[in-house]
Structures are given as structure tokens and as C-alpha cells.
Amino acid sequence: MRRILLITRNRHQLSGIVEGLDSKRNVVRETDIGIDSMHGEDHGIDTVVVEMNSLMEPSMTVDAALDRLLEKYPSASIVVVANSNQSPQAVEAVKAGAFDYLTHPVGKEELELVIEKAHQADIRHSELDYLRDQFWGDDYKDVVNTKSKKMLEVLEKVRQVAATGTTVLLSGETGTGKNLIARMLHAHSSRKDRPFINIHCGAIPDSLVESELFGHEKGAFTGAMKRKLGKFELADSGTIFLDEIGTISSAVQIKLLDVLQERHIQRVGGELSIPLNVRIIAATNEDLDEQCRNGNFRRDLFYRLNVFPITLPPLRERKEDILHLSRVFISQFNTQLNKDIESVAPDVLEAFISYDWPGNVRELENIIERACILESGPQLTKSSFPIEFFHDCNGSHPTMVDTDIPLGKARQSAIDSFEQTYLTRLLSRTNGSITRTAAKAGVSTRQVSKLMNKHKLKRSDFTANKN
């Protein structure tokens, strides 16, 4: 049920609409008093429908008028109703934070549609709040605090599959965080209090992979002086994470396929069949489907592993998260290195945005660790980074286009990415001045503040180091 407040000084102009909205789905309140006469904040109002003549006082700007209304109803979606000659002010109201606007004469269906759109938008925001604040444990708050649509999709998939025992295949370039996502899956499952066993398949010699995974009996081969439990047994009732699964040999692929199908293992040199109760998460930085076509990976094993695929985006496709990730890493290294670094210099941040990050999040972490070690002041400056890093950032890079999503989503993603890059560079040039940034961008200071909040940019990150 929606709680709607209608603010109008001319109820006759909206006759019939109120009765239509006041149904089982909505509770409608009306007022004809001035906004300044309203008492206190009301967080229970979902939608405010306000006529422009009630919103605006003489000599008041649209920004100021909307600020005044949002102070009283901070959680509400604002729908402005304007006369035809007030359309420019209504557009300004939307730019300043209103959800939408309508012009007289307003039809019942038209208003219901806008209110329903506002309702759906609120649901999406509530789901995002749940995703960020309710489901995830404190250990993963920094991970889920993302502005990237692709990462939000990844996290939603993690949320959906974590509680199940389903086999998950994580794919993505080296350094995108597959290990971390695997640990998130385990931490939010019913197995969270059981072992999480991580094995890097590519780091084990081929001759020892089978023994490492499945264990061996005493005397199974030269040097097998006693029985050894394999990783699968050690992970009993928990989760085993098989990193770089594409590197295992054909012989091990056959054995692993049998394990996945029959849910039992045999130690090397043993005859006993050991029941298996373990959740399997595999990861690869290769295209396993292509590996199957090339004959390097068994197709039937691929199908067994690829029950619930999750693909992690590279950092170059989620640059809106670079500033947040930088802050997270700085905080970590401040603790480890006993430093007190507060931010990244504007020219460094601009270089971060321009760089393609072939090593992804891991490369960002490593370069910030190096800079934190070298930096003696409160801000990471250009002198703490390799000069080649800035040379590499001077060239232009082609925009990454994801053709697997609809045009509308791709367009919005490009707009969001452009906004974040544009605003970051402009704030760098203006030393974090909101007023100068707004003037150069040709928008209001409120719009700049809204965009900074949207992209999680803080003014302090662009203020020159005074020390």
C-alpha cells in the first residue's frame, strides 16, 4: 500500500483523480497549506504529488523549493504537476531531484502510471539496500558497496545461489576477484561453519594433482610413506574451491568427472569408496567452452561444472568502482604499514580512470600498496607511482561495449561511465570546488552534488594537499 500526499491549492483542477487513487492500494492525504506550515519530517510518505504553484514561492528557485520539500519528506518520490507554461520549471525540478512531472490536464491513468513507476523504483532501491546491508556479513561490506551494474548482477547471482549446494563455475580475467567471490559463496551458505578448502590446480605438478585432490594410501607410489587425506576429504561437509580448473590433465579430468557424477572418491592406491559431501566451486580465467572445442577439456566435465556460471567483469568495465576500491586498499595498508594516508591526489585519480588495468583489481591493490610504502604525506601523489603508469594513461582507449545486453542498458551504462569520468576530471581541475565545477559543467551546484553522491565522489578527494 502506498501513502501518497497531494499538495495543491486548487483541488478542483485535480477533481476525480484523488478519488481514483484513494483505493485499497493507496492511502491519499491532501493539504492546501503552504509547505513552510507543515510540521516536521514524515518518513512514512511514499509519494508526494505537488502542484508547481504550491511548490514554488515568489522569488524562490526551483532547487531551493525542492530542497525544502525533500527536507520534510526525505524518503518520498516527488511528482510535480505543472501548467503548460510551467514546463521549463518542471524540467528543472526533475533535474534537481524530483522523480517525474506531469502537465495539466492530468488523466487518472497517467498519474497512476507515474506513481506505479515510482513504486517500482522504490522496490529496486529497497532490494539494493537489502543486498548491501541485510544479506552480506560485515566482512564483505566493502565488496558489495559497488556502483557497477555488472558487479551488482554478479552479487545478485551470488545471493541467489549461495544457500544452495549447487556447483558454481566462476570465470573472469586474472585478478578480478574469483577467490573472494568463492569465499563469499561459502560464507553465506549453510556450510559456512565447515571447512573452505582452496586449491590452485595450476600450481601443483601434474604428477601430484590426483594425490592432492583425492589423497593416497601408504605405498601407493614411491615416497608415499603414509596415508594422506586429499583436499576433498578435508573439505567434508564444506566447500572446495578448484581455482584454475582448466589446467588439470585429461586423467584428472576423468577422475573429477566421476567424483561429480557419483559423489564418492577413491584415494590413489586404494580400493575403498568414500562418500562425498562437499560443495564444489570452480574458477577459470580461460574460455572452457573454447577449450572443449579444441579438445583440451572434456565437454561432459564442463557441463557438470557449469551448472551455475558467474562471470566477473574486468576492472576496465567497472571504472566507477575505482575510487571506492582505492579507499578500501588505502585503509587496509594504513593499518598494515602504520600510515595515515587520507586520499589519492586528483591527477593520480584521473590516471586511474584512464588506465586499462590489465591486472584488474589485484593490480590496483598492488600499485596502491607500493605507493603507500613510498608515500610520507597524507595523500598518494604522483611521485609515489611508477612514471610509466602515467605515460600509459595519456593515450586514448576505445570504449568497451557489451553487446550481450540490450541497447538501453548499454546506453545507460555508457552514460554512467561518462558521467563518472567527466566529473572526476572536472573536480580534479577545480580542486574540488563544487561552485566552479557546476559553472564549468553548466549545471546547478545541486546537480553536481547529486552526481557526486551517485558516483560516490567526495570533495576531500579532490582538495589539493596543503601540507
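Just so you know, all these numbers are worked out from the coordinates, no wet-lab data involved. Source: prediction; values computed, not measured. Counting neighbours? That spans all protein chains shown, and the Cβs are built from the backbone with ideal geometry, glycine included.
Numerical summary
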read-out	value
Relative packing of peptides 298-310, 222-234 - highest average C-beta neighbours within 10 Å first	298-310, 222-234
Label point at ASN277 placed 7 Å out along Cα→Cβ; residues across the stretch 226-247 whose backbone nitrogen lies under 19 Å	230-241
Theoretical FRET efficiency, 1/(1+(r/R0)^6), r = Cβ-Cβ of TYR303 and GLN336, R0 41 Å, to 0.05	0.45
Lysines with Cα under 22 Å of LYS456, excluding same-chain neighbours fewer than 8 positions away	LYS95, LYS141, LYS147, LYS149, LYS150, LYS319, LYS409, LYS440
SER250 versus ARG9: modelled label distance in nm, points set 7 Å from Cα along the beta carbon direction	8.5 nm
Reachable lysines, given that their alpha-carbon falls under 28 Å from the alpha-carbon of LYS255 and they are not under 8 places away in the same chain	LYS178, LYS192, LYS218, LYS226, LYS228, LYS231
Burial ranking of peptide ranges 415-425, 73-83 (average Cβ count within 10 Å, highest at the top)	73-83, 415-425
Ordering of 450-461, 143-154 by burial proxy (mean other Cβ atoms within 10 Å per residue, highest first)	143-154, 450-461
Cα gyration tensor category, rounded, prolate or oblate, for the stretch 316-462 with a/c compared to 1.5	oblate
Under 12 Å, Cβ to Cβ, from HIS200 - net charge with Lys/Arg +1 and Asp/Glu -1	-1
